[in-house]
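Trainee: Have a look at this one before I ask anything.
Rule-based calculations on the coordinates, nothing more; no lab input. The structure displayed is predicted, hence computed values, not measured ones. Positions of Cβ are backbone-derived with ideal geometry, glycine not excepted, and every protein chain shown enters the neighbour counts.
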Amino acid sequence: MGNVSVMAIPPLGSHEMGTEAIPSDHYSSQEHFDLEKEYIFKKTWLMAGREADVSKPGDYVTFFIDALETSIIITRGQDQKIRAFYNACTHRAAHILNEPCGHAKFMTCGFHGWVFDLEGKLADVPGEELFGEFDKSQLGLKEVSVDVWGGFIFINLDPNPEVDLKEYLAPLNESFDKYLGHKDWTWSYGWRAKFNANWKLLVDAQIEGYHVDQTHRNTIAGAIPGANAPAEVYSDSIGVPAKISAYRPEKMLGVQTDVALLSAKHGATSLYTKSENEFTAKDGDGVLNEDHPLWIFDAYLLFPNIVLFVQKGQILVQRTIPVSPGECFWEVDFFHTGEVEDFGQLFNSEQGRIQIRDVLTEDLYTAEGIQMNFNAGVIKEVYINKQEIPIRAYYHRLMSVIKGKGALK
Amino acid sequence: MSDLIPRPDVSGLEAEIDAWALATTEDRLVKRMNSSMQEIQRFYDAMLPILPATIEYLNQFNLSELAGDDLTLSRAALAMCEVDNSVNKWKKPILSTGIDTLRMTKKTGFNDRTIL
């Protein structure tokens, strides 16, 4: 009896948001894309960096929103405060910092040498006497809203965000903030690619479990059956429309190879093989579903462009950045606790990394074909079942923000 | 190095080990993609019997101390992770239901924005 309730897997999803077909033009229309730029990417909180990458005063990272042709500098000041600025010299608009990350006591424009301090103030102008009327105090870098949650830095191009980051990310509460923000998490590896597909299609690919049995028939179907990937929506949330979860089957199906089983002796990097050694995870109360013996991960959709996978000992972040209606950058990043110290751990890390890489190639495989069919007008609407309800929740959130002209509530 | 666990006997396997003991994951990926299924299977069949002992043997050293033949052996062992799916799941060198893996550019950090 007790065992039955412990092993029960949540229902696959629901029809609570309706059953009607969803139009597809928001994936292909330039007009809709222009609205997304204005009302979503200029109004919502966007994950832009990791706090650990700006741990000391002068550390900086840059973040680029291609569709907006906007580059942002995030740096930590001498006062320990994290600030974000448009990467735009107030002299003649050159990008000031061009590296993805680095350290600079001052931010010096490479064009003519204007110097800005870490608080964004214009500190020095070579040949200042060459200018006429001039008030340096008015020519600091243009500041951008910034906040930190779970160790991730978010920026918001709205100078006065309608909601703060904490409210935006509810129901992900302080437990998540603490767990994800733990100092032991370090970036391990990641990949980046450009796709001829709308930025939302690559989000869609990660937020429903209905695809697993077919899309992953040559890799992991059996290790995470579609029937073990339930969905949940957060109707009241502003920035977290939905999540999906993954549970192992009681008996692993599919091929558990000799290599995978050897790997499993030395770590838990692979999502798809039950490890003999579990990761240790600190501060996971209220975040990890550790009471369920089959639970693997929860994946949260952070509106508009993030899928955040949370599991014991591993964080996986997928981001998409729009370029045009039919083009985007896709990237995925992994965070782990602890260093790889011996060959067994290295073997486990390599095996897990390759397995997820190959699975991701399958997830990414369909997007460009779908985009072609939308662009060509062959398919004008899509059908969403109850297990795919995160897609519907995502669409509703998108359209509600667009129709509300950027209003989030 | 004091090796309490003995080094597995790789006599007769040197050619396979040398062919696949490439330095990086990306090198080994390209090797797999450019190999025939017969070549992949031959390497897999040669390496699998000694793989458990190889991991145990290499596991007793600090990673940074691996050098020479042991470093070569470690890379060949890691190549088994690369060919595993080809041999056991796809039965061919390249997954036909995924994008070209080489499109996924390796990042160097969270904010890396390699120009693609």
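Trainee: Sticking with the crude label model, points 7 Å out along Cα→Cβ, report the distance from residue A:217 to residue A:55 in nm, one decimal please.
Mentor: Spacing of the two 7 Å Cα→Cβ label points: 4.7 nm.
Trainee: Read phi for every residue in region A:152-169 and hand back ³J(HN,Hα) as whole Hz from Karplus 6.51 cos²θ - 1.76 cosθ + 1.60, θ = phi - 60°, with x for Gly and Pro.
Mentor: 9, 8, 10, 10, 9, 6, 6, x, 10, x, 5, 10, 6, 4, 4, 5, 4, 8
Trainee: How high is the relative contact order of chain A? Use alpha-carbon pairs under 8 Å, at least six apart in sequence, and give a whole percent.
Mentor: 22 percent
Trainee: If you don't mind, another one. Ranked by Cβ crowding within 10 angstrom, fewest neighbours first, how are A:165, B:71 ordered?
Mentor: B:71, A:165
Trainee: Tell me, how many Å apart are the Cα centres for region A:293-331 and for region B:18-60?
Mentor: Their Cα centres are 31 Å away from one another.
Trainee: Put a dot 7 Å past each Cα toward the Cβ at residue B:53 and residue A:111; how far apart are the dots in nm?
Mentor: Result: 6.7 nm between the two label points.
Trainee: What list do you get for A:247, A:234 if you sort them by fewest beta carbons within 10 Å? Provide the component values of the computation, followed by the final result.
Mentor: On the way: A:247 23, A:234 19.
In order of increasing Cβ crowding within 10 Å: A:234, A:247.
Trainee: Which whole-Hz ³J(HN,Hα) couplings does region B:22-34 yield from phi under the Karplus relation 6.51 cos²θ - 1.76 cosθ + 1.60, θ = phi - 60°, glycine and proline marked x?
Mentor: 8, 6, 10, 4, 5, 4, 6, 4, 4, 4, 5, 5, 9
Trainee: Expected output is a single nm value to one decimal: the length gained when fully extending between residue B:94 and residue B:69, i.e. 0.36 nm times separation in residues minus the C-alpha distance. What is it?
Mentor: Here the answer is 6.1 nm.
Trainee: What is the mean number of Cβ atoms from other protein chains located within 10 Å of the Cβ atom of each residue in peptide A:98-106, rounded to a whole number? Walk me through the intermediate numbers first.
Mentor: Details: counts 0, 3, 8, 5, 1, 0, 0, 0, 0.
For peptide A:98-106, the averaged partner shielding equals 2.
Trainee: Compute the semi-axes of the equivalent ellipsoid of chain A, taking the square root of 5 times each eigenvalue of the Cα gyration tensor, and list them largest first in whole Å.
Mentor: Value: 39, 26, 19 Å, ordered largest first.
Trainee: Direction-averaged shadow area of the convex hull around the Cα atoms of region B:14-103, nm²?
Mentor: 6.0 nm²
Trainee: Please give the calculated 222 nm ellipticity per residue for chain B, where each DSSP H segment of at least 4 residues contributes -39500 (n - 2.57) and the sum is spread over every residue; nearest 500 deg cm²/dmol? Mind showing how you got there, number by number?
Mentor: Values: 5 runs with 53 residues, N = 116.
The helix-only estimate for chain B comes to -13500 deg cm²/dmol at 222 nm.
Trainee: OK, next. Find, to one decimal place in angstroms, the Kirkwood hydrodynamic radius of region A:348-409, where the mean of 1/r is taken over every pair of different Cα atoms and then inverted. Don't jump to the answer; show the numbers that get you there.
Mentor: Details: mean 1/r = 0.0677 Å⁻¹.
Its Kirkwood hydrodynamic radius stands at 14.8 Å.
Trainee: Taking every residue in A:340-348, how many Cβ atoms of other protein chains lie within 10 Å of its Cβ, on average?
Mentor: Whole-number average of other-chain Cβ neighbours for A:340-348 is 6.
Trainee: For region A:1-138, what mean projected area does the convex hull of the alpha carbons give, in nm²?
Mentor: 15.4 nm²
Trainee: Which residues does a label at residue A:80 reach in region A:181-210, if reach means a backbone N under 20 Å from a point 7 Å past the Cα toward the Cβ?
Mentor: Counting backbone N atoms under 20 Å from the label point, the list is A:181-185.
Trainee: Relative contact order of region B:14-103: what whole-number percent is it, with Cα pairs under 8 angstrom and at least 6 residues apart?
Mentor: On the way: 77 pairs, mean separation 39.6, N = 90.
With pairs under 8 Å counted, the relative contact order is 44 percent.
Trainee: Would you calculate a helix-derived [θ] at 222 nm for chain A, using -39,500 (n - 2.57) for each DSSP H run of n ≥ 4 and dividing by the full residue count, to the nearest 500?
Mentor: My calculation for chain A gives -6000 deg cm²/dmol from helical runs alone.
Trainee: Determine the sum of side-chain charges near residue A:319: Lys and Arg each +1, Asp and Glu each -1, restricted to other residues whose C-beta is under 10 angstrom from that of residue A:319.
Mentor: -1
Trainee: Please report the relative contact order for region A:46-160, taking Cα pairs under 8 Å with a sequence separation of at least 6, and give it as a percent rounded to a whole number.
Mentor: Once divided by the residue count of region A:46-160, the mean separation gives 26 percent.
Trainee: If I model a spin label as a point 7 Å beyond the Cα along the Cα-Cβ vector, how far apart are those points for residue A:290 and residue A:378 in nm?
Mentor: Rounded to a tenth, the inter-label distance reads 5.0 nm.
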